[in-house]
Structures are given as C-alpha cells and as structure tokens.
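So the structure is just underneath, and the comments pick up after that.
The values are calculated or read from the model by the stated rules, or taken from the named source; none is laboratory data. Here the structure is a predicted model, which means the values were calculated and not measured. We place every Cβ from the backbone using ideal geometry, glycine too, and count neighbours over all the protein chains shown.
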Amino acid sequence: MIIRQYNDQDISSLERLAKQVVDDGTVFPFEDEQGVLDYWLSPGARTFVVDWQNQVVGTFVIKPNLPDRCSHIANAGYMVDEARRGQGIGRTMSVRSLEIARELGFRAMQFNIVVATNLSAIRLWEELGFVRIGQIPKAFRHPSKGLVAVWIMHREL
Ligand SMILES: CC(C)(COP(=O)(O)OP(=O)(O)OC[C@H]1O[C@@H](n2cnc3c(N)ncnc32)[C@H](O)[C@@H]1OP(=O)(O)O)[C@@H](O)C(=O)NCCC(=O)NCCS
C-alpha cells in the first residue's frame, strides 16, 4: 500500500469514491459528486491517495479548518473504497494524515461534521486520540433516519 500525493490522473478514481459516498448519503453533507470534488481539491488543500496494486483504494485531504488566525488547526476528510473497507486502509491513512499535518506545521486537527450514526468513523477517530468536543443536534439530514446529530471532534498534534 503506497500513500502518495494526488495528481490529475487520479480524477476518475476520486470521482468513483465520491460517487460511492454521495450515493450512500449517510456520512458527508454533499448531495452530488462535484461537492465532494470541490472540497477535496479546494485551493490550499493537500490531497493524497492510497495506491494498492495500481488501484486507488482510498483518499484523504488535509487543509486549514479556518483561515488566518485559526489556520494552525487542520481539517481533514477520508474516503475508502466501499469494497476495501474494514481492511485497515482507513486506519493507515488516518495515522499518516496526522503525521503529514504535523509536518505541515498544523497544531491540531478538527473534524466539523462527524455524523453521529457513522459509528465506524467515530470509533476510529477515538482510537486515534480524537475527543468529541460538542454535538450539534439535528444537523444532518440522514436519508433514512431523518435529522441526526453531528459531532465536532478534535485532537492536538
Ligand atoms: C471511516 C472509513 C474511512 C474507515 O476506513 P476503513 O478502511 O474501513 O477502516 P479500517 O479498516 O482501517 O478500520 C479502522 C477502525 O475503524 C473502525 N471500524 C471500521 N469498520 C467498522 C465497522 N464496520 N464497525 C465498527 N467500527 C469499524 C474500527 O475501530 C477499526 O479498527 P479495528 O480494525 O482495530 O477494529 C471508511 O469506512 C469510509 O471511507 N467511510 C465513508 C467515508 C467516511 O465516513 N469518512 C469519514 C467521515 S467523518
């Protein structure tokens, strides 16, 4: 498994992973793939992919959570190919993303929208030292569960 920087040739892989999370609709706010792509490839973002046997099986993005006086806090997003989940890719990406964020000079990482029903992600983030610093009630329109809460999660680097 190789973690490397995203390049333009990865766009179709990124679109494939974006389509999976949009079709699922339970973890990210975006309702179309373009929203995911805009977030993943926004100016100032550092985007990475996980290559396994010449196939992109995961991706993550790191960027400042807010500008200027808050820009020492990173924000990040992660997607693993549905067919490859539960095999350690998410954990490997997350650990590496924390190292990269530290190398980039960030002092902490914050997730703004961890949907309360996304138990695998919450469990992984807590295992990596993130704490739930607050809950926003009824913040996410879940496709089958209605309005559900989201957690803001944070850890220092
Ligand atoms: C969250 C995500 C990145 C995890 O990636 P993954 O490759 O499946 O995770 P891993 O196989 O590395 O598992 C890491 C940990 O996640 C948790 N986890 C993974 N699958 C789980 C499941 N089905 N149920 C509960 N916990 C689970 C466990 O704590 C696991 O650790 P363990 O293997 O020691 O038990 C992946 O599920 C994903 O892409 N989800 C859709 C996008 C998303 O939710 N992104 C995060 C939004 S905040």
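Determine whether residue 131 is more than 8 Å from the ligand (Cβ to nearest atom), in contact with a strand residue (DSSP E or B) (Cβ under 8 Å, 6 or more places away or on another chain) and among the hydrophobic types (A, V, I, L, M, F, W, C). Reasoning before the result, please.
Values: more than 8 Å from the ligand (Cβ to nearest atom): yes; in contact with a strand residue (DSSP E or B) (Cβ under 8 Å, 6 or more places away or on another chain): yes; among the hydrophobic types (A, V, I, L, M, F, W, C): yes.
For residue 131, the condition - more than 8 Å from the ligand (Cβ to nearest atom), in contact with a strand residue (DSSP E or B) (Cβ under 8 Å, 6 or more places away or on another chain) and among the hydrophobic types (A, V, I, L, M, F, W, C) - is met.
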Practice item. Go through (1) free of Cβ contacts under 8 Å to residues at least 40 places away in the same chain; (2) closer than 20 Å to residue 118 by Cα and name the single condition residue 15 misses. Key: (2)
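Being part of a helix (DSSP H, G or I) and among the small types (Gly, Ala, Ser) is the filter; apply it to the range 12-27 and report the residue that is farthest from the ligand (Cβ to nearest atom).
Step one: of the range 12-27, the residues part of a helix (DSSP H, G or I) are 12-24.
From the residues that got through so far, the ones that are among the small types (Gly, Ala, Ser) too are 12-13, 18.
Working: 12: 18, 13: 14, 18: 10 Å.
Filtering the range 12-27 for residues that are part of a helix (DSSP H, G or I) and among the small types (Gly, Ala, Ser), the one farthest from the ligand (Cβ to nearest atom) comes out as 12.
Condition (residue is in a loop (DSSP other than H, G, I, E, B) and within 11 Å of the ligand (Cβ to nearest atom)) applied to the range 53-63: is it met by at least one residue?
no
Yes or no: the range 101-110 includes at least one residue that is at pLDDT 95 or above and either touching a Pro at 6+ places or on another chain (Cβ under 7 Å) or near the ligand (Cβ under 7 Å from one of its atoms) (or both). Step through it out loud before you land on a result.
Just the residues of the range 101-110 that are at pLDDT 95 or above, to begin with: 101-110.
With either touching a Pro at 6+ places or on another chain (Cβ under 7 Å) or near the ligand (Cβ under 7 Å from one of its atoms) (or both) added as a condition, the list becomes none.
Checked against the condition, which is being at pLDDT 95 or above and either touching a Pro at 6+ places or on another chain (Cβ under 7 Å) or near the ligand (Cβ under 7 Å from one of its atoms) (or both), the range 101-110 yields no hits at all.
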Practice item. Being surrounded by 19 or more Cβ atoms within 10 Å (Cβ to Cβ), more than 9 Å from the ligand (Cβ to nearest atom) and not in a strand (DSSP E or B) is the filter here, so list the residues in the range 66-97 that pass it. Key: 97
